[in-house]
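Laboratory data are not the source of any read-out in this text; all were calculated from the coordinates shown. None of the values given here were measured: they were computed from a predicted structure. Using ideal geometry, Cβ is built from the backbone for each residue, glycine included, and neighbour counts are taken over all protein chains shown.
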Amino acid sequence: MRVVDPRARSGRLQVNGISKRRSTIVAALAVATATALTATACGDTGTPPGEGSVTTTTTKIANAYLVAPERNFDNACGAPSTPDSGQSDVARIAVTDPALLDAVCALGIQSKVVAVAAERGSIARNLGPSVLSLPTIGTNPSPAAARAADADVVLGYDASRATAFGGRAVTIDRNLGWREQFAAVADGLGRGETGQRRLDTFAEQARRAGLRVDASHSQVGLVRFGENSETIEGTGSFAGTILSAMGVQRPATQRGAGAITVNDDNFTDADADLIYVSFRTKAAQEHGSSVMRSDRWLDMGAPGYNRVLVVDDDIWYGTGGLAAAAVVLGDATRSLNSSS
């Protein structure tokens, strides 16, 4: 996409003026993103995991506030769950695909994981220290390392990867949506009823949060920056499903399930009442910052009124899961509440 050389906007905004309501909104957004929030882990009533807490003050990228610059994920996982009636419990779990750790975390049984087929440091940080500290044995562990885990259940997407471990394979279809994957993991680990209760509780939390922030009267845009590209994320993206669960509206041009590549012809389709932007990589942040300082971007409604917020790309568009969903819900609830 062609980027116009940026220039200062302060003078132009002063000339055109910003309404008192818009000024109040901008100030509220700044205060909200700097507020420290604490969430606790869930109990056995079916409550999903907590979202963590914001621990630092607001920072900005290209004049857009970060929704949560830094977090404490100590309470990321759900409270320990027990097997459904008549189900035997699992004792030792090996996980061959780290994306499925979110579901284990949300069920509160991460302490049962004895091996993760992943490299050190590759586990999603939003799962917190109790998951990040789990033993990793490499993406392609040796047969000896796999056997040493002595797992009675092997959780993954590919049944063939479970063979070396020797335990019962619980194989999940990676093409399922995040809710369906969570339900399948819960069922495979003898907690199908518990898993459904936690999904139902999350759905109700999202619905109530949407009512509190009057989500049905907000049109929200989702823009992801790549190293030299931009996409408008649709309703089928992970973040898109959370916003939909809240009842948040999307602009007419953003109501499809899939992502749309931004070009010169559809550039303004990214506009909305509020835009959440994210950056896939550090290089993507440099490119995105350049676009966000351009006249063409700033001439749109949301950027012109400073109604653009930066979110964590890894969490909002990563592998997804119930634990990550709690974080996205918290981000959206706080920021939409401030802009309503």
Next item on the list: For ARG168 and LYS60, calculate 0.36 nm times their separation in residues minus their Cα-Cα distance, and state this gained length in nm to one decimal.
Entry: 34.1 nm
Item checked: Two-site FRET efficiency, ALA144 against GLU227, from Cβ-Cβ distance with R₀ of 35 Å, rounded to 0.05 -> 0.30
Note to self: If each residue of separation counts as 0.36 nm, what is the full-extension length gain between THR268 and GLU204 once their alpha-carbon separation is subtracted?
What the structure shows: 19.7 nm
Margin query: With +1 assigned to the C-beta of every Lys and Arg and -1 to the C-beta of every Asp and Glu, and no other charges, what is the dipole magnitude of the stretch 93-190 about the Cα centre in debye, to the nearest 20?
Written below: 180
Margin query: To make sure I understand, if each residue's beta carbon is the centre and we count other beta carbons within 10 Å, what order do ASP295, ASP74, ASP264 fall in, fewest to most?
Written below: ASP264, ASP295, ASP74
Notebook entry, point to check: If you take the square roots of the eigenvalues of the alpha-carbon gyration tensor of the stretch 93-190 and sort them as a ≥ b ≥ c, do you get rounded (a/c under 1.5), prolate (a/b over b/c) or oblate?
Noted result: oblate
Checklist line | For the stretch 68-98 and the stretch 283-300, distance of Cα centres in Å | finding: 39
Notebook entry, point to check: Label points 7 Å out from Cα along the Cβ direction at ASP214 and ASN72: separation in nm?
Noted result: 3.4
Note to self: To make sure I understand, if each residue's beta carbon is the centre and we count other beta carbons within 10 Å, what order do TRP316, TRP297 fall in, fewest to most?
What the structure shows: TRP316, TRP297
Margin query: Within a 10 angstrom radius of the beta carbon, how do HIS217, HIS287 rank from fewest other beta carbons to most?
Written below: HIS217, HIS287
